[in-house]
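This report concerns only the one structure given below.
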Amino acid sequence: MSFSWSAKDHKSYTNPPSNPTQGLKRPRNETGNKVTVVLGAQWGDEGKGKVVDLLATESDLVCRCQGGNNAGHTVVVEGTEYDFHLLPSGIINPKSICNGVVIHLPGLFEEAENNEKKGKLNIFRITVNAVVDGIQETQRQATEGKIIGTTKKGIGPTYASKASRIGLRVCDLLGDFKEFSTKFKNLVEQYQSMYSSLTVDTESQLKKLKEYGERLRPMVRDGVYYMYEALHGPPKKILVEGANAALLDIDFGTYPFVTSSNCTVGGACTGLGIPPLNIGEVYGVSKAYTTRVGIGAFPTEQLNVTGELLQTRGHEVGVTTGRKRRCGWLDLVILRYAHMINGFTAIALTKLDILDVLDEIKVGVAYKINGKRIPHFPADMELLHKVEVEYETFPGWKSDTSAARKWNNLPQKAQNYIRFVENHIGVPIKWVGVGKSRECMIQMF
């Protein structure tokens with residue numbers, strides 16, 4: 001048997017055309033529209049919603065690409081505060097879609113009604129597993145004496161069912177309902193065999209799901225074709241909103257204290273079916289300090305008066321869980337790490353005004369183990385718990401920045417702080433946030 005190849009094996013190439021691309025139909029837009037991606041650069045809660053809302057005013061389409069209602073984004077427009085968990089933060093402005101997102105249908109409709117906004121939704125996965133998430137946390141506490149600190153919204157079990165190929169999708173719900181009902185009952189039975197305390201009124205749930213399906217039907221589109229048309233049709237500004245953040249990524253975050261999806265730039269491609277070629281600007285969002293909700297290592301955390309001040313001034317309470325956020329100094333080690341993964345083209349630095357009252361401000365620039373710098377961000381969480389943080393200390397500016405609307409309005413010491421952060425991570429800072437509303441975002445360039 002010969003493994004060689006010749007032109008005889010493909011007769012159509014015996015007399016190849018002088019132009020190999022002759023006769024091939026080109027897309028209407030050969031290169032395609034570029035997509036701008038907004039991602040969290042810390043452990044979430046950085047103010048992504050505000051940045052998305054700001055950019056959405058100039059966008060034609062806003063897309064949510066991963067996560068579920070474990071996310072919480074607050075947007076303030078003309079004095080009105082909106083809380084989003086499933087809906088894209090940009091839904092206040094243009095047409096919006098969701099794909100690659102795990103959906104809790106009652107929560108979706110309740111959120112839409114509460115915010116009194118309508119968007120064109122493009123959803124392919126639903127969740128029926130919120131109860132299981134809570135049971136798993138209870139079992140971890142009982143057997144190991146510790147928990148992960150999930151939002152108990154069913155995100156982990158839903159992604160697990162997806163990976164196990166037993167998950168329920170919107171196309172299932174909108175297809176043959178008899179077939180969907182069988183899949184639903186099988187899924188319930190499987191969970192009940194694992195968790196004896198789980199009780200589900202199957203018939204009641206199916207009745208509700210059928211009603212939700214009919215409400216959902218006019219909102220659903222085929223995501224691959226929808227995005228392809230958006231990318232290769234007329235010129236269009238497309239904005240992608242990531243949920244959660246780099247340090248919560250299932251692959252690159254502080255595992256196991258992470259979420260269940262990829263919240264880094266690759267999640268935009270896999271969640272929406274966008275080719276990497278079409279990724280344009282990638283904006284990372286970071287607070288001027290660091291916060292974290294739930295369990296897990298937090299090297300720059302301040303369990304003292306400073307941490308309490310940041311928590312109080314920053315109103316650091318989770319939109320989704322209502323839990324107080326843990327607070328600490330800005331950690332440039334994790335920002336550099338997030339940049340390595342995402343390739344940020346610019347940074348939005350939010351909540352600078354929270355630091356206005358401090359006499360001095362510290363920034364974590366390196367980690368040490370046994371007095372020696374380590375050259376990387378530890379993958380081992382036991383090691384991350386043991387690191388000693390090396391800080392740079394800056395004098396506070398001790399003045400109100402909340403009214404600043406231009407770079408020159410900021411105190412010199414605040415400018416020095418911003419420039420240090422920018423230079424240390426090697427990414428330009430494009431916006432500085434000094435308040436809740438979109439008007440409080442100072443654009444640098």
Legend entry - Which listed residue, of Arg373, Arg325, is of a type outside the set (Asp, Glu) and in contact (Cβ under 8 Å) with a residue 24 or more places away in the chain: Arg325
Legend entry - Hits in segment 319-376 - residues which are touching a helix residue (DSSP H, G or I) at 6+ places or on another chain (Cβ under 8 Å) and among the polar types (S, T, N, Q): Asn342, Thr350
Inset, instruction - Would you mind telling me which numbered condition in (1) outside any loop (DSSP other than H, G, I, E, B); (2) surrounded by fewer than 18 Cβ atoms within 10 Å (Cβ to Cβ) Ser196 fails? - result: (1)
Inset, instruction - Consider only pairs whose beta carbons are under 6 Å apart and that are at least six residues apart or on different chains; among these, list those whose first residue lies in segment 351-364 and is within 12 Å of Leu330 (Cβ to Cβ) and whose second residue is open to solvent by 40 Å² or more (accessible area, probe 1.4 Å). - result: Ile354/Arg313; Lys362/Tyr391; Lys362/Thr393; Val363/Glu392; Gly364/Tyr391
Inset, instruction - For segment 236-248, state whether one or more residues are surrounded by fewer than 21 Cβ atoms within 10 Å (Cβ to Cβ), on the phi < 0 side of the Ramachandran plot, of a type in the set (A, V, I, L, M) and in contact with a Ser or Thr (Cβ under 7 Å, 6 or more places away or on another chain). - result: no
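Report, by residue number, each residue of segment 360-375 that is out of contact with any Phe, Trp or Tyr (no Cβ under 8 Å at 6 or more places or on another chain) and surrounded by fewer than 15 Cβ atoms within 10 Å (Cβ to Cβ). Show your work before the answer.
Step one: of segment 360-375, the residues out of contact with any Phe, Trp or Tyr (no Cβ under 8 Å at 6 or more places or on another chain) are 366, 368-372, 375.
Answer for segment 360-375, where residues must be out of contact with any Phe, Trp or Tyr (no Cβ under 8 Å at 6 or more places or on another chain) and surrounded by fewer than 15 Cβ atoms within 10 Å (Cβ to Cβ): Lys368, Ile369, Asn370, Gly371, Lys372, Pro375.
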Inset, instruction - Run Ala379 past the list (1) surrounded by fewer than 16 Cβ atoms within 10 Å (Cβ to Cβ); (2) at pLDDT 95 or above and report the number of the one that doesn't hold. - result: (2)
Inset, instruction - Mind listing whichever residues of segment 387-439 are open to solvent by 70 Å² or more (accessible area, probe 1.4 Å) and among the charged types (D, E, K, R)? - result: Glu388, Glu392, Lys398, Asp400, Arg405, Lys406, Lys413, Arg419, Lys436, Glu439
Inset, instruction - Please state which of the following conditions Ser204 fails to meet, knowing it meets all the rest: (1) closer than 19 Å to His104 by Cα; (2) open to solvent by 30 Å² or more (accessible area, probe 1.4 Å); (3) among the small types (Gly, Ala, Ser); (4) modelled with pLDDT under 85. - result: (4)
Legend entry - In segment 326-356, the residues that are open to solvent by less than 30 Å² (accessible area, probe 1.4 Å) and closer than 16 Å to Lys48 by Cα: Leu335, Ala338, Asn342, Phe344, Ala346, Ile347, Ala348, Leu349, Thr350, Leu352
Legend entry - Given (1) closer than 27 Å to Val265 by Cβ; (2) among the β-branched types (Val, Ile, Thr); (3) in a helix (DSSP H, G or I), number of the condition Ile347 does not satisfy: (3)
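Among Tyr255, Tyr225, Tyr283, which is farther than 25 Å from Gly343 by Cβ and open to solvent by 20 Å² or more (accessible area, probe 1.4 Å)? Steps first, please.
Working: Tyr255 fails: farther than 25 Å from Gly343 by Cβ; Tyr283 fails: farther than 25 Å from Gly343 by Cβ.
So the residue among Tyr255, Tyr225, Tyr283 that is farther than 25 Å from Gly343 by Cβ and open to solvent by 20 Å² or more (accessible area, probe 1.4 Å) is Tyr225.
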Legend entry - Count - residues of segment 150-183 that are within 28 Å of the chain's Cα centre (by Cα) and not in a loop (DSSP other than H, G, I, E, B): 14
Legend entry - Residue in segment 289-310 that is under 25 Å from Ala56 (Cα atoms) and either open to solvent by less than 20 Å² (accessible area, probe 1.4 Å) or in contact with a Cys (Cβ under 6 Å, 6 or more places away or on another chain) (or both) present: no
Legend entry - Positions within segment 311-322 being within 22 Å of the chain's Cα centre (by Cα) and open to solvent by 40 Å² or more (accessible area, probe 1.4 Å), in sequence order: His315, Val317, Val319, Thr321, Gly322
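Taking into account only those residues within segment 213-222 that are open to solvent by less than 50 Å² (accessible area, probe 1.4 Å) and in a helix (DSSP H, G or I), which is farthest from Phe180 (Cα to Cα)? Show your work before the answer.
Within segment 213-222, the first condition is being open to solvent by less than 50 Å² (accessible area, probe 1.4 Å), and the residues that meet it are 213, 216, 220.
Filter again for in a helix (DSSP H, G or I), leaving 213, 216.
Working: Gly213: 11, Leu216: 15 Å.
The residue in question is Leu216.
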Inset, instruction - Could you please tell me which pairs satisfy a Cβ distance under 6 Å, a separation of 6+ or placement on different chains, a first residue in segment 266-285 that is more than 14 Å from Arg64 (Cβ to Cβ), and a second residue that is in a strand (DSSP E or B) and among the β-branched types (Val, Ile, Thr)? - result: Asn278/Val35; Ile279/Val35; Gly280/Val35; Gly280/Thr36; Glu281/Thr36; Val282/Val37; Tyr283/Val38; Gly284/Ile347
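The values are calculated or read from the model by the stated rules, or taken from the named source; none is laboratory data. As the structure is a prediction and not an experimental result, all values here were calculated from the model. We place every Cβ from the backbone using ideal geometry, glycine too, and count neighbours over all the protein chains shown. SASA here: full protein model, heavy atoms, side chains in, ligands and nucleic acids out. Shrake-Rupley method; radii C 1.70, N 1.55, O 1.52, S 1.80 Å.
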